Structure formats: C-alpha cells, structure tokens
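Down below is the structure, laid out as structure tokens.
The values are calculated or read from the model by the stated rules, or taken from the named source; none is laboratory data. From a predicted model like this one, the values you see are computed outputs, not experimental measurements. Note that each Cβ is placed from the backbone with ideal geometry, even for glycine, and that neighbours are counted across all protein chains shown. The area values use the complete protein model at the heavy-atom level, side chains included, leaving out ligands, DNA and RNA. Shrake-Rupley method; radii C 1.70, N 1.55, O 1.52, S 1.80 Å.
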Amino acid sequence: MSLLSFRKSKDTATPGVNPQLETFLKDYSIEVMPRTAEKVEDFRDLLPAGTRVYIAHIEGTPIDEMVATAKRLSADGYKVMPHFPARIIKDKATLADWIARYQGEAGVEQALLLAGGVAQPHGDFHSSMQLLESGLFGDFKRLHVAGHPEGNRDIDPDGTQNNVMEALRWKQAFNNTTDAEMALATQFAFDAKPIIAWADSLKAAGITLPIHIGIAGPAKLQTLIKFAIACGVGPSLKVLQKRAMDVSKLLLPYEPTEVLTDLAAHKAANPDFNITHVHFFPLGGIKTNAQWAIDNGGTSAVPASQS
C-alpha cells in the first residue's frame, strides 16, 4: 500500500481549511449500525463517494439486518466492511453462510475480523486469528484486524500488552501469506502523544501493517466518557476528564479537531509514519460526524451528491 502524499501545494488547498488536516482525512472511514443507518435518508448527502463504511455487528443483531444495510450502502457506491465478531459466530457453517450472503447479496469484498465484545464465546470461535485460519476469507480483497493503542484489559488483564503484541506478530505473519490488503483498525483514543508512541512502538517491533486510527466523532462530553470507560480507553481518558473539570467547556460538545490536527502535523513532518487513515466512531451521530468532516476536510470530505 502506498503512503499518502502529504506535500500539498497552496494551489490545491481548500481556503479556510488546514491543508495538513485536509490531506490526513483523505479516504477516511466511518462506522454505522443497522439501527443508526436507518435514520439516514441518503448517505450520499453526508459521505464522500467511495467511503469505506464499517457495519458494526452488535450481539443480538439479526444477520438479515446486517446484510440489508450492506446491500443498501453498496448500492450507493460505498465500500462496505462488515464486522465479523468471532465470539458471536456459532460455527464454521454459520460463518460460511454469513460470507455467502454478504458476497451474494451485497457484493462485499472487505471485512473487519475481531474477537467481539462478549465474555463467553457463543460457539467454536474466540479470536480473529481463528477466523483467518478458517480459510473462508480467501477471496476477500481487504481484511482488517483490531488494534489497541492503549491496550486491552480483556486480552491482557495484567495491564501489559504482551498478549496483544503476540497476536499482532501472528497477524503480521499471516499478512505475508494472503493476497488481501491488511491493516489495523483501532479503538478510539483522544490524545495524539500516546497514539504516536504506540504506532512507533509497533514499527520498532516489526509490525508493518498500516494503521487506520480510530477517532471518536463529535459528541457530548458525558457520552464520550461513558463510552471511553466501557471500552477501556486508558491514558487519553485524562484528556476528557480534564475537559470535564473546565466549567466553560463542560456543556460544549467534544470535537476531534485537536487530536487530528496534531496527528496530521506529525504525519506531514514524518511521511513514512505508519498511521495512514482515519476511522471515525460517530458516537454523537453519523450526521454530526459527517458535518464535522465536511467543515474541516475540504475536498477530502465533499459528499458524493455534491462532487
């Protein structure tokens, strides 16, 4: 995968938009769920043409709803990437059925493989590595796996990243055996410094998979703190806690401008930096997130209906 070019001339920059941020947001992705997608009348009024749209598969969501959402987005010209959470998939036959339906009904060629947020597996699978080993994703063009900039207590209860790193080394080795493009799609974080340090540590450890960094979209501060605690966000949670102590900012919605501006500046100064894309978690709503991108992304975020 070629790195994005971050040398942007003044002639091509959008007036009033940070050119580094505009470039960093190019080809961003976003996550939806069937129930949130239903509230969007036309995605083409919100998202750029060809945007990669992840479809989160929450426990209890019928596969019919997942496939219908994928079919709708695919018909609108978007690159659909459904979640395959290992621990809610009963067996290999179920996995094969899901894949067949996604491919046959929605033309899906991409997938995010992850363990899933349930404590006890519903069947035969408990990790994304087992899904990869199934051999059923052999004709997919792109496969993403999870990354954890601030660790994951479910995987490493002792607070280290030993098990996470062992899994990443396995996935790095698998990358050498597949024709699919692979990348890490990460949990969200709020502070650029820990993100940069984590990304650099992966590179030093020989993990060369491109990173699609998870970023929480605009939302109420209380909403973000709730999700951050539930998802195990660590060091960068202090950014939200500090903001909550500032009465002048307590009632204002959080926006990801600062963290993304810092990451964009770092990318501009270090073109070989291994974070290549931004992935949004629209915790404050898809429309709100898309509007922030439109306001800050210049040509990188022009909706399909306007391009």
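Would you mind putting 281-293, 108-120 in packing order, based on average other-beta-carbon counts within 10 Å, highest first?
In descending order of packing, they fall as 281-293, 108-120.
Between Q291 and E41, what is the spin-label point distance in nm, taking each point 7 Å from the Cα along the Cα→C-beta axis?
Placing both labels 7 Å along Cα→Cβ, they lie 1.4 nm apart.
Students sometimes get this wrong: rank W198, W170 by accessible area, probe 1.4 Å, all chains present, largest first.
So, going from the largest accessible area down, we get W170, W198.
Under the definition of Cα pairs under 8 Å and six or more residues apart, what whole-number percent is the relative contact order of the stretch 19-122?
Once normalised by length, the contact order is 26 percent.
At 1.4 Å probe radius, can you tell me the per residue accessible area of the stretch 156-215 in Å²?
Accessible area per residue, the stretch 156-215: 43 Å².
Can you run phi through the Karplus equation (6.51, -1.76, 1.60; θ = phi - 60°) for the stretch 289-299 and list ³J(HN,Hα) in whole Hz, with x for Gly and Pro?
Values per residue, Gly and Pro as x: 5, 4, 5, 4, 4, 4, 5, 10, x, x, 5 Hz.
Quick one: net charge around F43, please, counting Lys, Arg +1 and Asp, Glu -1 for every other residue with C-beta under 14 Å from its C-beta.
Counting the neighbours of F43, the net charge comes to +1.
Could you work out the local net charge near A106, counting Lys and Arg as +1, Asp and Glu as -1, over the other residues with Cβ closer than 13 Å to its Cβ?
Taking every other residue near A106 into account, the sum is -1.
What shape does the stretch 40-95 have by the C-alpha gyration tensor, where a ≥ b ≥ c are the square roots of the eigenvalues, rounded means a/c under 1.5, and otherwise prolate means a/b greater than b/c and oblate the rest?
prolate
Compare the peptides 211-217, 186-192 by average per-residue count of other Cβ atoms within 10 angstrom and give them in order, highest first.
Taking the mean over residues of other Cβ atoms within 10 Å, the ranking is 211-217, 186-192.
Under a point spin-label approximation (7 Å from Cα along Cα-to-Cβ), what is the E59-A93 distance to one decimal in nm?
2.4
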